[in-house]
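Heads up, the thing below is written out as structure tokens.
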């Protein structure tokens with residue numbers, strides 16, 4: 001009886017741990033890989049716009065944005081080129097409800113911090129209401145900035161096609177956010193803030 005009770009208790013604890021782990025990972029909807037405006041039109045529309053309303057970006061659009069930035073498109077390749085196919089970049093998703101690390105292979109967000117870390121990016125008033133910031137980091141100093149540039153350009157073209165505003169920024173507390181995320185081996189490269197215009 002005691003043995004069965006201990007087994008049941010262990011199983012319950014295991015299930016509880018599983019539930020916590022499951023809550024720490026969010027599976028995004030499948031990204032939409034067809035449609036949108038023609039490429040040349042998106043290039044023509046691309047703008048840096050420093051104005052964001054507090055309107056949230058839904059999970060489908062977030063999935064599409066992250067696929068454009070750092071998804072896996074074919075044969076294990078990324079949606080952007082990486083030198084020597086290093087694929088050494090990381091993309092963090094910073095929102096009011098926490099910060100997540102994007103896993104392009106499984107199209108999931110893995111919780112890194114439950115805190116609202118947006119204040120690390122609020123050195124300018126324009127950031128006050130912004131619902132989403134992507135943080136690009138890398139481990140290969142020679143190539144990582146180039147990879148980040150390819151990623152944020154893809155995102156900028158996506159936002160141009162669907163009416164979102166975006167701005168790429170280096171003016172934020174890089175040391176503070178690196179310490180908060182505990183990523184000493186990663187170089188904090190650049191951020192990109194995305195949101196809806198005021199209607």
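Annotations
- Any chance residue 30 is surrounded by 10 or more Cβ atoms within 10 Å (Cβ to Cβ), at pLDDT 95 or above, in a helix (DSSP H, G or I) and touching a helix residue (DSSP H, G or I) at 6+ places or on another chain (Cβ under 8 Å): no
- Considering residues of segment 45-64 that are in contact with a helix residue (DSSP H, G or I) (Cβ under 8 Å, 6 or more places away or on another chain) and in a helix (DSSP H, G or I) only, the residue surrounded by the fewest Cβ atoms within 10 Å (Cβ to Cβ): 45
- Of all residues in segment 65-92, those satisfying the criterion of being part of a strand (DSSP E or B) and either out of contact with any strand residue (DSSP E or B) (no Cβ under 8 Å at 6 or more places or on another chain) or exposed (fewer than 14 other Cβ atoms within 10 Å of the Cβ) (or both) are 73, 74, 77.
- Here residue 36 passes the criteria (1) touching a helix residue (DSSP H, G or I) at 6+ places or on another chain (Cβ under 7 Å); (2) modelled with pLDDT of 95 or more except the one numbered (2).
- Test: residue in segment 139-155 that is buried (at least 22 other Cβ atoms within 10 Å of the Cβ) and over 17 Å from residue 83 (Cα atoms): yes
The values are calculated or read from the model by the stated rules, or taken from the named source; none is laboratory data. Nothing here was measured: the structure is a model prediction, and the numbers come from that model. Neighbour counts run over all protein chains shown; Cβ positions are idealised from the backbone, glycine included.
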